[in-house]
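A quick write-up on the structure given underneath.
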Amino acid sequence: MKLTTYVIIISFVLVFIGCKNETTGPEKNKIPPVYYNGNYYAIEELINTYNNGNLTGIILLIKDKRNDMVMNYFDGDWHEMTFDGYETDAYAGMFKQDYSPLDVVSIVINATTLKQYSPGAYKLFDPYSPMDIYFGGAQNKFLIDSINGFPFVLDSVSFPNELIISNLSRYDTISKSNSFDIFWSGGNSNSKIEIYFRKNSTLLDTITKDGTGLGFRQFIDNSQGYTYPSLFLRNTCELTGKYDLTVTCYTPVYKTLSNGKQILFLGISSHNITLNLIE
């Protein structure tokens, strides 16, 4: 049995959370090198880089910074409202040497217990009680009780600074007629970056292409900056209006257990900003 069963947790976070009404980004190496001189990655390539063949678990610690816009319905109509703040989340997948599910007694991270929702799979269940997740060198403490040959674990893991977009603010205007610069701080040389640009909402729009042409995403090395050419914006964004730009940093840290197996901790920090796209 392949590891794919369990790294689907990673691909779920990287690809499917919030994934609707958008086109995927261009294929690897389709953007001219003048705009980026690093490597592009497909999701399968990213998963393969994280699988070192010695894993017994994957734990994702997620911290999202939001300076965006949301649509709320009240008084008989839709209204645009701003949101500023953080959201946190966590997922875990535990498995045996043959990648079959491994149930553990509990997984506790920073005094918050992840709940089991399927064999070998755990997540934070209460969205109204976000857990503490630390970046910038602070320690995230974790405990996993021993069972079925799985060793007792009491340890901690730290990640570099969280990702922050440095050159854009909410409702900044960008044009399809001009190239689009993105700069950020955070992460380290081992981090991979996802840039995700998509229509904030189509509730007030008229879509003419069955929901396509509403955004793009790319996975790249952590270069601290990226430029999208105007031609690319025109070809991938049919509608003007409010778009969400999310830049996400994925930083892997491996922890070796007493039995020699490892747990991959993936520190995931993102910054989401709503921008205004014009012709």
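Each value in this text was obtained by applying a stated rule to the coordinates, not by laboratory testing. The model shown is predicted, which means the values in this text are computed figures rather than measured ones. Virtual Cβ from ideal backbone geometry, glycine too; neighbours counted across all protein chains shown.
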- Message: Tell me the Rg and the Dmax, in Å, that the Cα atoms of the stretch 226-270 produce.
- Response: 18.9, 55
- Task: Could you work out how far apart the two model spin labels at residue 255 and residue 164 are, taking each label as a point 7 Å from the Cα in the direction of the beta carbon, and quote it in nm?
- Result: 2.7 nm
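Place the peptides 69-77, 52-60 in order of packing, highest mean first, counting for every residue the other Cβ atoms within 10 Å and averaging per peptide.
52-60, 69-77
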- Stokes-Einstein at 10 °C, 1.306 mPa s, Kirkwood radius from Cα pairs: D for the stretch 72-210 in µm² s⁻¹? 82 µm²/s
- Any chance you could check the Cα centroid distance between the stretch 167-187 and the stretch 237-268 for me, in angstrom? 21 Å
